[in-house]
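Asks: I have a structure I would like to understand better, so I am pasting it below and will then ask my questions one at a time.
Every read-out reported here was derived from the displayed coordinates using simple, explicitly stated rules and does not represent laboratory data. Since this is a predicted model, take the numbers as computed values, not measurements.
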Amino acid sequence: MSRFLLLVLMCFPLAAKQLDKVTIALEHPANGNMVHLDNAGLLAVSGFSQFDRWLSLVNLADYQVQPIVIPANAQYFSQASLVDHHKANTSFAAGRAFPVHQALVFLTLDGISVYNAERMQSEPLLVSPSIYRVLDKNRLRSGDFVLQLGSDQADFLLPDFNQSHLFRQQPDGSFLQYSLNIGAQVTSWRDSPSYEPRRHFIVDVDLDGRLDLAFIAGGKFQVFYQLADGGFNTEPVTQNWPVSLSTEQEADQRNDAGRSYTGQNIDSLRDIIDIDGDGVADLVVNREQLADALERNNSFRVHFGLRTATGLHFNAEPDTRITTDTSPIDVVIADFNADGRKDFYIPSTHFGVGTIVRVLLRGSANLDIDFYLLNEQRQYSSKADFKQNATIDVSISNLRYDMPLFELADLDGSGQLSLIVGEGGDELKFYGPEPGRLFSRRPERVKLDLPRDARKVLVADLTGNGKDDLVLPFDAQDAEQTRNQLLLLLNPK
């Protein structure tokens, strides 16, 4: 085991509850990504420098830290529920269901590898080409290549240039491959073209109880249906939903293509998710209305799903919408107040001349966070139900901006979320849920050192008690007393 530091010395009062503080020292900066292996009780933490990359595995039972040897050809990492393929190849499980365990997995240049904790090494799991054919030797990021398509075992989706390769895990630990006819998205306005995978959406389109895969290509909904035996059609079926989306050409708003920014709209699919809690998937379409290259308004247009004899259907016009006059930095869709309906929070800023001047003079920019709640009539208000402000620190000389800590967490296990805001780099403010309004007016305040850049903060139930905890990662540019550490704020069991 590597050197580690464990301090369970301090408890913070929080609305008649306590948060335990645990500090863990790493042998590298925690500036990559964190992946929580909840069933295994582990936390994977990646980090990088200009010349190296690292991965550590933290045991959440005793906080021991295990350095992991990263496969030389690894591009991304994640977690997956896998059939124990070692036991599946023996007589151990003959005639019985094979055991399933949660494991650390890597997307490599050659396919998928899995970390064997007993042997303390990674081993090939399946072989496949992908769009990731040139290695980034300096970074290891978490990736969205593990799917759950209706079984206890994880499946894998590896995007390639002309196809996406779906691998469905079988009960014996083997995999069946389906090469879906959907190509990568190409951007060629630069001298050197770039390729990126098309985002996938998991949704039961034909309402047969099986999850299908949907993509957007050419402004159309392309669906690969799951079959009764768990297989997938490899050719997409274009849906005739009357919901308008922009094509790749329409979304390419560049003056060198002969189009002006002024008066243009870009409609893109934000998500397919059950918004109103009726068990039917709904569409969230993001409309960008451009005034010029900097100024743009955004609206989020919700089309509620309808059950028909042939499956899902949607009306052409949105059933409700949220409109902002800022540029969203992120959009989070979740149930904030445990009423069974999905709400929005949208951190955003104005990318206008005033913001540029403020950055030049003060080294900071305002961040507006707006909360919108879906009411019983399935409508969002025209104005935000709750507003909060924060500050983005900008360093022009270092070409860097640091996001403030701003998170939502279920701190008491009720399903109602609390708002957690960092202030000044040395204080956390906790706004608990309050009847009649989303969050309390007056926060509980806790003094402690915060990460310079809070974009990588993780909210997760680390102890399995149904309450969210916080992981604050510190990197090599943080203050010396917190450098290269994890700070865990835990809800006691």
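Asks: Would you mind checking the pairs K387/K493; K342/K467; K429/K493; K21/K429 and listing those with alpha carbons more than 27 angstrom apart? Before the final figure, lay out each step's value.
Replies: Details: K387/K493 32 Å; K342/K467 20 Å; K429/K493 22 Å; K21/K429 16 Å.
Violating the 27 Å limit, Cα to Cα: K387/K493.
Asks: Once the piece of chain linking D426 and R455 is laid out straight, how much longer is it, given 0.36 nm per residue of separation minus the C-alpha distance between them? The partial results should precede the final answer.
Replies: On the way: separation 29, 0.36 × 29 = 10.44 nm, distance 1.61 nm.
8.8 nm is the gain from fully extending D426 to R455.
Asks: Here are labelled values, (1) 15; (2) 35; (3) 49, and one is the computed percent of Cα pairs over 44 Å apart for what I pasted. Which one?
Replies: (1)
Asks: Cut-off under 18 Å on the C-alpha distance; same-chain residues fewer than 8 positions from K447 excluded. Which aspartates and glutamates are left, in chain and number order?
Replies: Straight-line reach from K447, under 18 Å: D20, E407, E423, D426, E427, D469, D478, E480.
Asks: In whole Å, what is the distance between the alpha-carbon centres of the stretch 25-57 and the stretch 302-349?
Replies: 33
Asks: Another question, then. Using amide H atoms built 1.01 Å from N in the peptide plane, name the residues 5+ places from S142, or on other chains, whose amide H lies under 5 Å from its own.
Replies: N33, F77
Asks: Whole-Hz ³J(HN,Hα) for each residue in the stretch 283-289, computed from phi via Karplus 6.51 cos²θ - 1.76 cosθ + 1.60 with θ = phi - 60°, x for glycine and proline: what do you get?
Replies: 9, 10, 10, 8, 9, 9, 9
Asks: Stretched out fully, how many nm does the piece from Y195 to E123 gain, at 0.36 nm a residue minus the Cα gap?
Replies: 23.1 nm
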